[in-house]
Every structure is written in C-alpha cells, then in structure tokens.
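Heads up, the thing below is written out as structure tokens.
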Amino acid sequence: MSIIWELDFYSRPILDENQKKIWEVLICESPLDVNQSTEDLFRFSRWCPNQQVNSIWLREALESAIAQAKQTPTKIRFFRRQMNNMITKSCQELEIPAQATRRTYALDRWLQERMQEFYPNQPGYQPSAAASSFVRYQPQNPQLLPDALQGQKWAIVSLEAAAFGEMKEWVIDFGEAFPLSMMGLTPNTRIPGIIIFSDRAKPLAAWMSGLDLAFVRFESGSTARLLLETGASDSWILAPLNDPQTLAEAKGFEAAKENAQQVHFLAVQSDSTSEAFAGFWLLQELK
C-alpha cells in the first residue's frame, strides 16, 4: 500500500528573541481512503531556527520523522513553490520522490487549524505575518485535452456525503479519495460532481491518474468553460460551455462546491448505464 506524506517547510508568524521569524516543518500522512480515520494519520512537526534553514536541516528532520513513523513514505507532496529546490534536494538525498502539487488537502486543513488555534497562542506571534503562509503555484494557461482522450458526453450530478461511506464497494479502476469527516461535512451535505462518459473510459482514466488531479473549476467570461486543474500548476479544458443550459449547470456546480467547502468529485464511465467507474477522484479546491 502506498504511503504518501504532505510536507510544508516555511516561516511561521512567530518571532524569536532576535525578532527573526521562526521556521517550522510540518509533515502529515495523506488519507487515501474515504473511510480512513484521521486520528490514525501520522503527523510530525519541528521548529527550525532562522539561521539553520537549509536542505541539510530539512533532510535530518525527515530522517527523524521516518524514524518516528517507523516507515518511509513512497512519495512526498508539497505545495509551496518558493521551497521547491530545498524540499526536492532533501527528498532526493533520501531517495524519496517529491511532487509539487495542489493535492495537499490534509496539510492545508492542519495549517488552517494551527493558524487559528495554535500560532496565536505562542510567544512572539505576529498577526500581520500570518497571511504570507499560503503562497502556491499559479495555474498556467489551460491546454486542450488530447483528441484521443476527449469524452463523448459529460454530466453534472451530486451525491449525499453519506453515500461515500459505501465507496469501498464500488468498482473503480483508478482513483483517490479522502475522509469527508476531515472537512467537517455532515452526512446530508450534497457533494457535486462531474461524470465524463467515453468509449475509451479506461485509457482516459489511466491518463488522468498520472496527472495528479487537484480540482475542477468553472471559468466564466466570453469563453466560459470547465477546467481540470492538475499537478502544481497545469490546467486542461475539460468542457466548453457553449449554450445557456450547460452554462447554468456549471454555475450550479460551482455554487454547490461552495456549499460543500469546495469538495467535489470527478468520475469517468463508459456510459450512463455502467455500474462501474473507470476513474473516480474525490477533490477539493483549496483557496
């Protein structure tokens, strides 16, 4: 079974006795199962003095985390572009693949909790410095999906959060999920989603699986469209919105995301009568 960690190494809104920002490494395990208990997920944190911020210190912190977890992750995800070189170098020295991504949902949740509940109670806390902690990769200009991977049809649907409790029983070839309880969603929350129908459903799902899916979003304007965001900054045109009906459906999808803390899903099926999924991903757009 794959073990994926999410990592952030950056300054915090806390000053030391010399009025220098204290740095911190946060490491948490990515939940990969919708029924997984978040209480069982590995977490590790360590303060880093400002004058010791380098790849050597980070590598040693990673070694400590691995010793504490008693297992080595198969991959480490991170979102902060400024730290790309340092994080990548530290992971390479430990022969662990590092991936810049926007799929760091557990880490984002933990960071938000610490910003609201932990850091403000620490000596030297500076509220004005808190906003700098969330600097991500910016999306690139959207690309066209390869012709061979275009879906024939698509539909916007929704499911109650409680329905995902049976996800283990679904037939899914490719996908990834996380526990909705981690987001504080109630069982009756409607989770919006998009299903792509294609006679090449499995190749399409396999291709998407290799892209590190982040989220789907609606882009308004003169060329309204649904975009699939992947990796650290890649963007793909999932569907153009050329008529009032599809445009209204896409706006409804975006509104439903807002009501579900930006949680949504993307699925791939061969046709609307299929009971199996070639692909199914639970996603969240991080703001």
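Observations
- Long-range neighbours under 7 Å by Cβ, at least six apart or interchain, first residue of a type outside the set (A, V, I, L, M, F, W, C) within region 30-45, second in a loop (DSSP other than H, G, I, E, B): Pro31/Leu41; Pro31/Phe178; Pro31/Pro179; Asp33/Ala177; Asn35/Pro179; Gln36/Pro179; Thr38/Pro31; Thr38/Pro179
- A search for C-beta distances below 8 Å between a residue of region 105-124 that is in the same structural domain as Ser45 (by TED's automatic domain parsing) and free of Cβ contacts under 8 Å to residues at least 12 places away in the same chain and any residue that is assigned to a helix (DSSP H, G or I) and not acidic (Asp, Glu), counting only pairs 6+ apart in sequence or on different chains, returns Pro120/Pro127.
- Scanning region 216-234 for residues that are among the hydrophobic types (A, V, I, L, M, F, W, C) and closer than 20 Å to Ala267 by Cβ turns up Val216, Phe218, Leu226, Leu227, Leu228.
- When residues of region 238-281 are limited to those that are of a type in the set (Val, Ile, Thr) and in contact with a Ser or Thr (Cβ under 9 Å, 6 or more places away or on another chain), the one nearest to Ala161 (Cα to Cα): Val263
- Criterion: over 24 Å from Gln262 (Cα atoms), in the same structural domain as Pro240 (by TED's automatic domain parsing) and small (Gly, Ala, Ser) - qualifying residue of Ala206, Ala214: Ala206
- Residue within region 163-170 that is farther than 20 Å from Thr38 by Cα and surrounded by fewer than 19 Cβ atoms within 10 Å (Cβ to Cβ) present: yes
- Look at (1) assigned to a helix (DSSP H, G or I); (2) modelled with pLDDT under 90 and you find that Gln138 fails only one, number (1).
- Selected residue (only one of Ala214, Ala206 is surrounded by 14 or more Cβ atoms within 10 Å (Cβ to Cβ) and out of contact with any Ser or Thr (no Cβ under 9 Å at 6 or more places or on another chain)): Ala206
- Scope region 67-84; condition assigned to a helix (DSSP H, G or I) and in contact with a strand residue (DSSP E or B) (Cβ under 9 Å, 6 or more places away or on another chain); matching residues: Gln68, Ala69, Arg81, Gln82, Met83, Asn84
- Positions within region 211-234 being among the hydroxyl-bearing types (Ser, Thr, Tyr) and more than 10 Å from the chain's Cα centre (by Cα), in sequence order: Ser220, Ser222, Thr223, Ser233
- Elements of the type strands (runs of 3 or more DSSP E) sitting completely within region 1-53 and holding at least 1 residues that are in contact with a helix residue (DSSP H, G or I) (Cβ under 7 Å, 6 or more places away or on another chain) and surrounded by fewer than 19 Cβ atoms within 10 Å (Cβ to Cβ): these cover 21-29, 43-48.
The values are calculated or read from the model by the stated rules, or taken from the named source; none is laboratory data. Computed from a prediction, not measured in an experiment: that's the story for all the values here. No Cβ is skipped: glycine too gets one built from the backbone with ideal geometry, and neighbour counts run over all protein chains shown.
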